[in-house]
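A short worksheet on the structure shown next.
All of the numbers you see were taken from the coordinates with simple rules; none came from a lab. Please read these numbers as outputs of a predicted model, since none were measured by experiment. Positions of Cβ are backbone-derived with ideal geometry, glycine not excepted, and every protein chain shown enters the neighbour counts.
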Amino acid sequence: MLSTPKLHLSMTTYSSILLLSAWGFVIAIASFLFLYAGYWLDQLFSTSPTFMLGLFLLAVFISIWRLFQEAWQRRNGL
């Protein structure tokens, strides 16, 4: 019975690490997808870095915003 809280703490730590690494992949994949879509739009409309940079920054900001929302929900116990 005494090892149960320690095991629960260990699983919580691993769960948090897994959650952060998953968000790292989400941010990276979203950034590359939006970057590629912006590159494609720039090639289509001949506007050199406009769409590429705009969509890249949009992907980064949206991903980080969702990460903070999930962190606040977990902090509040929702």
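Is the stretch 22-76 best put as rounded, prolate or oblate by its Cα gyration tensor, with a ≥ b ≥ c the root eigenvalues, rounded for a/c under 1.5, and otherwise prolate when a/b is larger than b/c, oblate when not?
Verdict is prolate for the stretch 22-76.
What's the FRET efficiency of Asn76 with Leu33 using the Cβ-Cβ distance as r and R₀ = 25 Å, to the nearest 0.05?
The pair Asn76/Leu33 has a calculated efficiency of 0.25.
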